[in-house]
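The values are calculated or read from the model by the stated rules, or taken from the named source; none is laboratory data. Predicted model, so just to flag it, every value in this text is computed and none were measured. Quick reminder, even Gly has a Cβ in these numbers, built from the backbone with ideal geometry, and neighbours come from all protein chains shown.
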Amino acid sequence: MPSLKDLLAQRAALEAQIAETQASERANAVAKVKSLMEDYGLTLADLAVKAGARKTTKSSVAAKYRNQATGETWSGRGLQPKWLKAAIAGGATLDQFKI
């Protein structure tokens with residue numbers, strides 16, 4: 001059974017090998033990408049446009065309910081906020097908060 005000192009030395013050696021391999025594979029990938037860019041006449045701007053085209057924007061939903069006392073709002077989607085739950089528990093109706 002190897003000692004703790006031996007195992008720690010093995011781990012250090014493995015971590016060094018991992019770092020070397022990562023650096024080597026990254027360099028190879030960069031070289032491959034550069035070669036493809038040259039072959040097809042691509043620029044960084046070409047890559048940025050294509051990457052940006054996949055991004056989606058998050059749209060906001062208009063508020064449907066408002067707490068007149070604090071100005072807090074709720075869109076009607078998801079869980080009811082605490083202020084609305086407390087008001088309904090106190091006897092208010094949802095329609096009273098409708099915008």
Does Ala23 satisfy the condition of being in a helix (DSSP H, G or I) and either modelled with pLDDT of 90 or more or out of contact with any helix residue (DSSP H, G or I) (no Cβ under 7 Å at 6 or more places or on another chain) (or both)?
yes
With the structure loaded, tell me whether Ala63 is modelled with pLDDT of 70 or more and in a loop (DSSP other than H, G, I, E, B) or whether it fails that test.
yes
Check segment 4-18 and report whether any residue there is modelled with pLDDT of 90 or more, surrounded by fewer than 10 Cβ atoms within 10 Å (Cβ to Cβ) and not in a helix (DSSP H, G or I).
no
